[in-house]
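The block underneath contains the structure these notes are about, expressed in structure tokens.
Where a number appears in this text, it was derived from the coordinates with a stated rule and is not lab data. Computed from a prediction, not measured in an experiment: that's the story for all the values here. Methodologically, a virtual Cβ is constructed for each residue, glycine included, from the backbone with ideal geometry; neighbour enumeration extends over all protein chains shown.
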Amino acid sequence: MGAQAFVAQQTGAAMTQDQWRAVVGERIARHTRVGRLDAGVLQIKVSSSSWCAELAFLKSELLEKLRRAGREVKDLRFVVSQGAAQPKPARARRVEPVMPAIELPAELVARLEKVTDPNLRAAIAEAALHSLRMQAFKKQ
């Protein structure tokens, strides 16, 4: 018996969380836990009252999915419960790439000195540095 099956058996849950997830999908399963099935009424523990309201709109669709999965459920009862929400999986932190230090080649510096407009000269130098850094970064 797997860990989830054991927990379901001990808590009286009608199915494991993985079985529930397979029926309702990840988005709903992340905010709910399955409770007991009593006289055809399945209790669903929900993370918040707003989720209760959303699931109430989806009730007939959820019941149909449960029936197609072979579950004999006549009705759903949603109950707000602190332990219903699953923690979100940790997202990997984005690591900014380190751009290599690059200097303009002497030949380009000499050509830039011939550009009379200082703003244009600075823009060309900045674009050239960016291009050279990107080329060096791609080679890493």
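For this structure, a couple of remarks:
- Segment 31-70 and segment 115-140 have Cα centres lying 59 Å from one another.
- Cross-link partners of Lys139 among lysines (Cα-Cα below 25 Å; sequence separation of 8 or more within a chain): none
- Relative packing of peptides 55-68, 24-37, 101-114 - highest average C-beta neighbours within 10 Å first: 24-37, 55-68, 101-114
- Contour excess over end-to-end distance, with Cα ends at Arg133 and Asp75 and 0.36 nm allotted per residue: 14.6 nm
- The length gained on full extension between Gln82 and Ser49, counted as 0.36 nm times the residue separation minus their Cα-Cα distance, comes to 10.8 nm.
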